Amino acid sequence: MRAERPSCRPLVAPFALHLVAHDIPALDRAQRDHVVERIVRRIDRMPSLSFAGVIVISGVLRAALLLGWSFTRRFAGLPIPLLSEYPRLVRSLALAETWERWPATSASAAP
């Protein structure tokens, strides 16, 4: 029987919450929390090797958040392989969940 692995929540959720708030600003707090929860669940279900990579990258960006969101956004946007892909992963999961759950939502989250 496979052992349960820990959730990525402590590393993924803070970055995802900031990214969702920045990219879809009109979502209310409950909607943002729902989207972040779905992001965490989907990442938790990734295959082991992909999950391990996401954990490493999310750990680096979680540490960067200690220096502030604007620093983290710039740092994550550097053309460093894999590091720059992490925000795209989180953003794509966030947008997919938002538009699946609330299809009338515009890019600015205005109904």
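Within the range 9-33, track down each residue that is assigned to a helix (DSSP H, G or I), within 15 Å of residue 102 (Cβ to Cβ) and of a type outside the set (Gly, Ala, Ser).
We begin by selecting, within the range 9-33, every residue assigned to a helix (DSSP H, G or I); these are 9-23, 29-33.
So of that shortlist, the ones also within 15 Å of residue 102 (Cβ to Cβ) come out as 20, 23, 29-33.
Matches in the range 9-33: 20, 23, 29, 31, 32, 33.
Between 83, 93, 61, the distinction of being hydrophobic (A, V, I, L, M, F, W, C) and within 17 Å of residue 10 (Cα to Cα) belongs to 61 only.
Entry remark, the range 86-111: residues being touching a residue at least 24 places away in the same chain (Cβ under 8 Å) and either outside any loop (DSSP other than H, G, I, E, B) or of a type outside the set (Gly, Ala, Ser) (or both) number 13 in total.
Among the residues of the range 34-58, which ones are in a helix (DSSP H, G or I), of a type in the set (Lys, Arg) and either free of Cβ contacts under 8 Å to residues at least 40 places away in the same chain or under 11 Å from residue 15 (Cα atoms) (or both)? Give the steps one after another, and end with the answer.
If we filter the range 34-58 for residues that are in a helix (DSSP H, G or I), which is where we start, we get 34-44, 48-58.
Restricting the remaining residues to those that are of a type in the set (Lys, Arg) gives 38, 41-42.
Once the filter is applied, which keeps residues that are in a helix (DSSP H, G or I), of a type in the set (Lys, Arg) and either free of Cβ contacts under 8 Å to residues at least 40 places away in the same chain or under 11 Å from residue 15 (Cα atoms) (or both), the range 34-58 yields only 41.
Can you pull out the residues in the range 17-35 that are touching a Lys or Arg at 6+ places or on another chain (Cβ under 9 Å) and closer than 19 Å to residue 65 by Cβ? Scanning the range 17-35 gives 17, 18, 19, 20, 21, 22, 23, 24, 35.
Since every read-out is calculated from the coordinates, none of them should be taken as a lab result. Given the structure is predicted, the values throughout are model-derived calculations rather than measurements. Quick reminder, even Gly has a Cβ in these numbers, built from the backbone with ideal geometry, and neighbours come from all protein chains shown.
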